[in-house]
Amino acid sequence: MFGGGTALSVPPMISTVLEQVPGELAGVASGLLNALRQAGGLVGVAIAGAATILAPHVSIALWWVAAMGLVTYAGAAGLAACAPVGVAVRLRR
């Protein structure tokens, strides 16, 4: 489920960000976006791992945070899946 939410939410996010950049800088912006996304994931995993090892009672809270993240990704994926329908309806009017 988490992977599916990510797969459905990341491409629209990337295209939205890259639409805001001039064409000649699209390659630089794409590389920077992906590098920062990877670094953010790295830092998040490192913090979660350190918190789990250093404070075992925190691991229960981390499960709740992971569950909320899953729900958030699922919601974002649902919105991303509905976006083409909304655009089509708007263009039709």
Those residues of segment 44-61 that are surrounded by 12 or more Cβ atoms within 10 Å (Cβ to Cβ) and either under 18 Å from the mean Cα position of the chain (by Cα) or acidic (Asp, Glu) (or both) come to a total of 1
Out of segment 12-33, which residues are under 16 Å from the mean Cα position of the chain (by Cα), under 23 Å from Ala81 (Cβ atoms) and free of Cβ contacts under 8 Å to residues at least 12 places away in the same chain? Met13, Ser15, Thr16
Scan segment 21-32 and give yes if some residue there is modelled with pLDDT under 80 and not in a helix (DSSP H, G or I), otherwise no. no
Within the bounds of segment 77-93, is there any residue that is at pLDDT 75 or above and in contact with a Gly (Cβ under 8 Å, 6 or more places away or on another chain)? yes
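The values are calculated or read from the model by the stated rules, or taken from the named source; none is laboratory data. Computed from a predicted structure; not experimentally measured. Cβ atoms come from the backbone with ideal geometry, glycine included; neighbour counts cover every protein chain shown.
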